[in-house]
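Following: one structure in structure tokens, then a few remarks.
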Amino acid sequence: MQLSQRITGINEGASDGWGLFYMAREMVAAGKPVVELTIGEHDIGTAPEVIRAMSAAAHEGQTGYATVAGEVDLRAAIADRVQARTGVPTGPENVVVTPGGQGALFSAITAVADPGDDVLMVEPHYTTYPGSIRATAARPRAVRARAEDAFQPRAEDLAAAAPGARALLVNSPNNPTGAVYSRETVEGIAQVCRDHDLWLISDEVYDTQIWAGQHLSPRALPGMAERTLVVGSMSKSHAMTGSRVGWVIGPEEAVAALADLSVPMTYGIPAYIQEAALFALDQGEPFEDEVAAPFLRRRETAVALLAQQSAVRALPPDGAMYIMLDVRQTGVSGEVFAERLLREELIAVMPGSSFGPAATDHIRVAMTVADDVFAESFGRMLRFAARLKREAA
Ligand code: PLP
């Protein structure tokens with residue numbers, strides 16, 4: 001029996017970009033001591049007090065169907081947090097709770113693009129973006145951000161691509177580049193959206209991980225609240241990746257439509273998990289700072305080690321939990337580098353090609369293992385790169 005083009009087309013018959021990650025997981029399952037610097041997941045688990053809140057809610061009976069769009073107290077807490085961080089008036093009517101940021105991305109794209117519509121995305125981009133756009137039957141169209149611009153997209157490049165597109169998907173702090181979009185970049189993005197009547201989907205799941213510069217949500221700029229859907233998540237900010245709690249923030253009418261989508265898609269997020277998310281949000285900024293702190297420490301370690309070598313080049317990340325390395329001086333592509341690093345050194349990283357053709361000369365290192373393991377494996381990776389560079393010379 002034939003499957004729909006929509007579902008078979010999600011990855012266009014090619015890799016979904018996670019191949020090396022799957023390979024590393026198989027090696028781990030076979031007992032190999034692989035250091036995994038692939039997926040964006042904290043080395044600490046979800047905090048015990050958050051799990052206790054989850055368990056208590058379940059024991060108290062919150063095991064039935066939950067309110068489909070999200071419990072109103074959780075939506076109010078998310079709205080309050082967003083309003084406090086951005087200054088944009090936001091209420092529960094502007095929030096729909098989704099299964100993670102990924103569910104929010106799929107919902108937001110579905111809400112603004114019809115089948116066949118073009119959705120622009122900035123490349124390098126998070127691995128799932130093209131598949132998420134195709135899964136809605138829309139078409140991804142990439143606009144390259146350039147390494148020489150520290151991966152800040154240029155307004156003129158976005159404007160040149162905008163005619164005929166329905167929406168623009170951006171992500172700051174950025175995975176994989178670590179770029180935090182400057183005010184000038186965000187203003188340029190907003191201008192292009194207003195000029196070309198585009199919806200903006202702003203993926204801000206790393207908004208608590210800022211190491212340099214300042215996070216500016218484009219929704220806060222004039223004329224943008226009515227055309228912006230913000231994607232948020234508890235995954236990165238509260239170390240709750242497995243709980244699958246995220247949200248879309250947007251105009252009331254769009255949020256009501258998104259709630260309609262939640263009925264056939266999920267019929268709601270488990271109430272005991274929503275209760276745990278509410279508890280975690282109630283802990284405030286000190287909790288978020290504690291979750292983010294290890295990534296800043298490891299960033300400093302990486303920057304210090306990078307300064308002592310010349311085999312790879314990198315821009316220190318301004319935000320998020322990754323560092324992207326340009327490996328072209330080693331004489332191999334990011335893909336070959338990552339594969340050899342895994343086989344020869346048992347260190348798993350993501351090849352840049354997982355983030356689009358603009359990143360094929362790169363690898364992305366997730367700073368997601370304990371400090372000492374990170375320092376040792378990052379140093380070993382740089383020595384491996386130096387060896388390849390010598391061999392290539
Ligand atoms: N957006 C970006 C840029 C990400 O890097 C991720 C996860 O790595 C997500 C969204 C989705 O995260 P989650 O579904 O866990 O909230």
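The values are calculated or read from the model by the stated rules, or taken from the named source; none is laboratory data. Note that this is a predicted model, so its numbers are computed, not measured. Here the Cβ positions follow ideal geometry from the backbone for every residue, glycine too, while neighbour counts run over all protein chains shown. Note: accessible area is taken over every heavy atom of the protein model, side chains too, but ligands, DNA and RNA are not part of it. Shrake-Rupley method; radii C 1.70, N 1.55, O 1.52, S 1.80 Å.
Odds and ends about this structure:
- Strands (runs of 3 or more DSSP E) wholly inside region 193-252 containing at least 1 residues that are under 13 Å from the mean Cα position of the chain (by Cα), more than 9 Å from the ligand (Cβ to nearest atom) and at pLDDT below 95: none
- Filter pass, Glu26 being more than 28 Å from Ile323 (Cα to Cα) and either of a type in the set (D, E, K, R) or in the same structural domain as Ser107 (by TED's automatic domain parsing) (or both): no
- Only one entry of Val143, Val119, Val186, Val170 meets the criterion of being more than 25 Å from Thr98 (Cα to Cα), in a strand (DSSP E or B) and under 20 Å from the mean Cα position of the chain (by Cα), and that entry is Val143.
- Of everything listed in (1) within 21 Å of the chain's Cα centre (by Cα); (2) crowded, with 24+ Cβ neighbours inside 10 Å, the single unmet condition for Ala111 is (2).
- Taken as a whole, the condition of being over 23 Å from Gln209 (Cβ atoms) and hydroxyl-bearing (Ser, Thr, Tyr) does not apply to Thr368.
- In the condition set (1) in contact with a helix residue (DSSP H, G or I) (Cβ under 6 Å, 6 or more places away or on another chain); (2) among the aliphatic types (A, V, I, L, M); (3) open to solvent by 10 Å² or more (accessible area, probe 1.4 Å); (4) not in a helix (DSSP H, G or I), Ala375 is compliant with all but (4).
- Out of Arg298, Arg340, sole residue that is open to solvent by 50 Å² or more (accessible area, probe 1.4 Å) and at pLDDT 95 or above: Arg340
- Among the residues of region 76-91, those identified as in a helix (DSSP H, G or I), out of contact with any Pro (no Cβ under 7 Å at 6 or more places or on another chain) and open to solvent by 40 Å² or more (accessible area, probe 1.4 Å) are Asp80, Ala84, Arg85, Thr86.
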